[in-house]
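For reference, the structure is listed below as structure tokens.
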């Protein structure tokens, strides 16, 4: 049973890393090639998750939680390691501006680069946390 629980923890870190990588791939295509085929879908998913983190549900509230929301300990921990509440609000505004294609082409690219930096940090932190978890498990054998 401990092995299954531990395995689920690892999966959550890897899933978060993969989700960040999917957003990264789309942002890089937008910034470098002006391809926005899946951009709005990926931005919607990211915005939903970040907003769920930025505005926690009151204790006992049912809330409209989805699988993409940052609600597991591992996801919240990882996000807190890369994002303060102020920077989280800032990245939400940046993603929303990108989604709405606000500003000039240059401003959109700047927003894209800012978002790339954030999701790069998020992906790397999730993978680092996964590595630390694995190292801890191996040291306890």
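Annotations
- Those residues of region 85-125 which are surrounded by 16 or more Cβ atoms within 10 Å (Cβ to Cβ) and either modelled with pLDDT under 95 or not in a helix (DSSP H, G or I) (or both), in sequence order: 88
- For residue 21: the one exception among (1) modelled with pLDDT under 95; (2) under 14 Å from the mean Cα position of the chain (by Cα): (1)
The values are calculated or read from the model by the stated rules, or taken from the named source; none is laboratory data. The shown structure was predicted, so the numbers you read here are calculated from the model rather than taken from an experiment. Positions of Cβ are backbone-derived with ideal geometry, glycine not excepted, and every protein chain shown enters the neighbour counts.
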